[in-house]
Amino acid sequence: LPMAFRDANARRHTGLQQLSSLALAGRTLLGPMKSYKFIVDESTNQSTLICSAARLIESLDLTSAAGQLLNETIQAQNKEFRTGISTLLFLVGAWSNAVLECLQQNVPVSAIVSVMSEGLNSCCERVQCLQISIHDVNKELCSSSVRPNAFKSKTCQIGCDTLLNPQIFLYVQKDISAPEEVIPVDSHSHQEDDSNFNERLLSPFASFGSIASLVNLTGNKSTSTISGSGVTASSCNKQKLTHSRYFSTLGKSHFSSQQGSFQGCLSGPSADPCECYGLGHLAMALSRGNQTSVKLLQRIVAYQRGKAECSGSSPFNIAGIVTCCLLGLPESYSCVSPGFVTLVSPEQATVIKYFEDKALRILLVDGDLTEQYRHLGFNRPCNVKTILEHPSLPGDRADLWLSSMLDILISFEVNLVLVKGNVCENLMERCIANSILVIGSVTRDVLCAFGEVTSAQPVTYLTQLNASCVGSGAQVGLWKACDGRAMDLGELVPVRIKVRGIPLLTAVLTTTVASKMQLIEDQFWTLAYRLHHALHDEKVLLGGGAAELLCLSHIQMLAEQPLQPANKNAMKKFHNPWLAASATEYTSVVLQALASGWKQYLSVVMCNTAKTASELEACTSVDHHLKKAAECGSPSAYILKEFRRGDLLGGGSGPFADHGDGLKVYDNVTAKTEAWRRALDLVLLVLQTDAEIITGPKRNQLLNSHVSSEFMFL
């Protein structure tokens, strides 16, 4: 066909062009060292700091059909895995451009779909040799020289604080006595669970951080620094970082308060290294250097491990974790607290002060506590015509419903009500006046956790309530920071609800910068789900670009082999024999286009992590490794060797090698491969749609038989 016609045909694939443009916005979010973005809400003029492609897509104006499909794909990945989203977004853009290049070369749509689909399937099979079991990972971490000081940070490097404020001056004050707690939990608690909380934390990580190398045990008077916590320890003069010039502090840093406990641990027998560095180091290897989230997650793992050893359950239960975001406290106040920590109004806090340290009767409501609420699947009466769905209730009727609900709660002597959904404000006010605490927007996992230990049975409507539905043994109190003070943050007050034996833990996330709150919570949950999926898969994938480099090498090798029917070895690389017979002349072109996505992925991440000065230099580095892998004869063996040496794609202690001191980087197997598949499926779906608009559906019937059934998830 004439070149002008080919260019016009490619330009008419507007869906692919839109995907490419949208994906370009998330280019700087690729890799472990992301460039953060500020999202400004025009209606409120408030800004939010993000580093997630999911948050970015939520903020974009996606009015086109391709944009809506992209949003649904990303939300599906985020809902299922909470990771791999930036990879998905980037590959959507890279492969959209690759498909457009194929169209400009007059490659049939059917050939593009078949070759790319089979090529990706072949890659997913090929990278299986880079998978390693969790047991082997823990064994390698325990036997190597890995120590948690791999997260040793440079001076004044305190996360995003340096991003927001490049000039930070640190102030140090002396401290004569350090608290004895390993983790800042409420010291006023009288329950057995709280008293054993620190013991569970100490046992699995008794020598965490190679304390002997962090705090001098030989009597040396020189100070040593516990990295990432702002703690300076000395045998004769204890000092700790309390605040910076910009970020104010309200008291002692909880990392600083751990100093005394660290020293106390060292006097006891050293723990088994495998016990100390098992899941804790796996969390590090999956964290991409997020120190705060790692420290919190390690404490959660330590506590849950103690529970699991007694019950025989999983060592990490993500359903038993919730977060509570406290704005106004320094980030050093972030901690893990047993029980359920949440925010309530000052009026509700007065009720809590009245109930503090008293055993309460608890009720769980699985729905909204409003008069208009109807459960899912509610069948309306027959032969009734609905005029208005939610009419405003007349005054007498509204008062009658409020009085009826309040009478039910009082008659069953209910003190505490946890509601999954919304709560009627008028009912909330009446309950407060009658010393009944009602808390709404409670997740189902929290309801289940309290139901198991209090024997409370969830109800959908208060009219279903009977004596067997009401639980007992709950306690409420004001949440106290690590210095023992209750916190009043103005409009909202943090409180803690606890029950003896409850497996629920709350990660209390704090910051003084409002725009960072969402970012901190996203980072914590991303790491938590990475660890969860790694344990679920029972294996991880070599990270640091190892899988992508092997995919690139494998696809280029296939592209260089002519797929002749007589070439049986080459045909075995693909599942579909039709490909070798009808798309031979286009196979090399399409595979090279597919490989260009991997190469661009590796190059951009290297640029984002400052491994190379330009994308051209990064491409040169990738080509160098491809050449050495080919000369080795076994690309997978070469990549594995370079990965173990820490010299893969840049070397050093960067994201393409390790975190320093030998701690390697690993990826989730299922989350990563599903991100690849979803990215390509979306591109091919949009390609098919554009092709049908341009040429009509009849000419694409052959295409439909080759499009993956995974499109149906959209």
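The values are calculated or read from the model by the stated rules, or taken from the named source; none is laboratory data. Note that this is a predicted model, so its numbers are computed, not measured. Glycine also receives a Cβ, built like all others from the backbone with ideal geometry; neighbour counts cover every protein chain displayed. The protein model used for the area step is the full one, side chains on, heavy atoms only, and it has no ligands, DNA or RNA in it. Shrake-Rupley method; radii C 1.70, N 1.55, O 1.52, S 1.80 Å.
A few notes on this one:
- Of all the listed residues (ASP623, ASP667, ASP681), the sole one being modelled with pLDDT of 90 or more and not in a helix (DSSP H, G or I) is ASP667.
- Restricted to the range 355-381, and to residues there that are within 22 Å of LYS420 (Cβ to Cβ) and open to solvent by 60 Å² or more (accessible area, probe 1.4 Å), the residue that is farthest from the chain's Cα centre (by Cα) is ASN379.
- Checked against the criterion of being among the hydrophobic types (A, V, I, L, M, F, W, C), in contact with a strand residue (DSSP E or B) (Cβ under 6 Å, 6 or more places away or on another chain) and either buried (at least 19 other Cβ atoms within 10 Å of the Cβ) or closer than 24 Å to VAL665 by Cα (or both), the candidates LEU89, LEU130 yield just one match: LEU130.
- One residue stands out in the range 544-561 among those that are polar (S, T, N, Q) and modelled with pLDDT of 90 or more: the one that is farthest from CYS632 (Cα to Cα), namely GLN556.
- Comparison of ARG430, ARG500 shows that the only residue that is assigned to a loop (DSSP other than H, G, I, E, B) and of a type in the set (D, E, K, R) is ARG500.
- Test for ALA456: is it crowded, with 22+ Cβ neighbours inside 10 Å and outside any loop (DSSP other than H, G, I, E, B): no
Results for (1) surrounded by 18 or more Cβ atoms within 10 Å (Cβ to Cβ); (2) outside any helix (DSSP H, G or I); (3) modelled with pLDDT of 95 or more, shown as yes or no for each residue.
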position: TYR303; (1), (2), (3): yes, no, no
position: SER332; (1), (2), (3): yes, no, no
position: LYS353; (1), (2), (3): no, no, no
position: ASN383; (1), (2), (3): no, yes, no
position: THR386; (1), (2), (3): no, yes, no
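- Top-ranked residue in the range 92-121 [being of a type in the set (Ser, Thr, Tyr) and open to solvent by 10 Å² or more (accessible area, probe 1.4 Å); ranked as nearest to PHE643 (Cα to Cα)]: SER117
- Consider the range 603-620 and keep the residues that are free of Cβ contacts under 8 Å to residues at least 12 places away in the same chain, out of contact with any helix residue (DSSP H, G or I) (no Cβ under 7 Å at 6 or more places or on another chain) and assigned to a helix (DSSP H, G or I). The one that is surrounded by the most Cβ atoms within 10 Å (Cβ to Cβ) is GLU617.
- In the range 400-426, the residue that is farthest from the chain's Cα centre (by Cα) out of those that are part of a loop (DSSP other than H, G, I, E, B) and on the phi < 0 side of the Ramachandran plot is PHE412.
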